[in-house]
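Report on one structure; see the data block that follows.
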Amino acid sequence: MARIVPVIVSKLTILVTLLSSLAITHATEENQGFVRSLDRKLHGFKKEKLTHFRVYWHDIYSGSNPTAMPIVRSPSNTSATLFGSLSMIDDPLTEKPELSSKLIGRAQGFYGSAGQQDNALFMAMNFVFLEGKYNDSTISILGRNHVFSKEREMPVIGGSGLFRFARGYAQAKTVSFNTKTGDAVVEYNVYVSHY
């Protein structure tokens, strides 16, 4: 028995050494400090899809129930572009240009005048969907909107729900703009790649 114990101890020592080196090798392959490999399917990544949708954005400053509110006006602004002004929005997104058409979602966020020489807005907004299979999913749009160009393009930088990890672009085209009230209807064609 006295001879068997040292043999068992030496074999266990060899086994522990082998398992330790194997564990270290596995850890360095899978986990490089702050980065680690993940299983796509475990985190909801399926085959990537390309989706296009068209909505009409109603930016309403007038009336008793406005959906756009000016929150900042520069007190010393002499720019014709209202540089520095900022508005918060909770604008309806509809299926057709008429406000009375089917409500699909809301555009929530803010935009501000970002150009001193030209009429360019900085837009940061989420399209929050309220209908069908996209209910509670969002698309995040962040970018420059040169409002007097016939067609403008802004990047889609993300999303949630069915649009998780979305990327793509949104094309905006003004349908109507009331110079007295500031109310506008804008057609958005959005193209996103998502999982």
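The values are calculated or read from the model by the stated rules, or taken from the named source; none is laboratory data. All figures in this text were calculated on a predicted structure; none of them were measured in a lab. Please note: Cβ atoms are built from the backbone with ideal geometry, for glycine as well, and neighbour counts cover all protein chains shown. Each accessible area value is taken on the protein alone, full model and side chains, heavy atoms only, with ligands, DNA and RNA left out. Shrake-Rupley method; radii C 1.70, N 1.55, O 1.52, S 1.80 Å.
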With a probe of 1.4 Å, find how much accessible area segment 75-135 has per residue, and write the answer as a whole number in Å². 53
With +1 on each Lys and Arg Cβ and -1 on each Asp and Glu Cβ, how big is the dipole of segment 113-195 about its Cα centre, in debye rounded to the nearest 20? 120
Residue 72 and residue 176 label points (each 7 Å along its Cα→Cβ direction) are spaced in nm at 3.2
When all alpha-carbon pairs of segment 100-195 are counted, what percent fall beyond 22 Å? 30
I need the peptides 180-187, 135-142 ranked by packing, meaning the mean over residues of other C-beta atoms within 10 angstrom, with the highest value on top. 135-142, 180-187
Where does the charge balance sit around residue 151 when Lys and Arg score +1, Asp and Glu -1, over other residues with C-beta under 14 Å from its C-beta? +3
Extended-chain gain in nm, criterion 0.36 nm per residue less alpha-carbon gap, residue 96 and residue 119: 5.7 nm
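Pick out, in residue order, every one of the trypsin sites (Lys or Arg not before Pro) in segment 122-179 that is DSSP loop and has at most 14 other C-beta atoms within 10 Å; say none if there are none.
In loop regions of segment 122-179 (DSSP not H, G, I, E or B), the sparsely surrounded trypsin sites (Lys or Arg not before Pro) are 150.
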Magnitude of the Cβ-charge dipole (Lys and Arg +1, Asp and Glu -1) of segment 52-195 about the Cα centre, nearest 20 debye, reported as 200
Can you pull out the chymotrypsin sites (Phe, Trp or Tyr not before Pro) in segment 160-190 whose DSSP state is coil and whose Cβ has at most 15 other Cβ atoms within 10 Å? 165
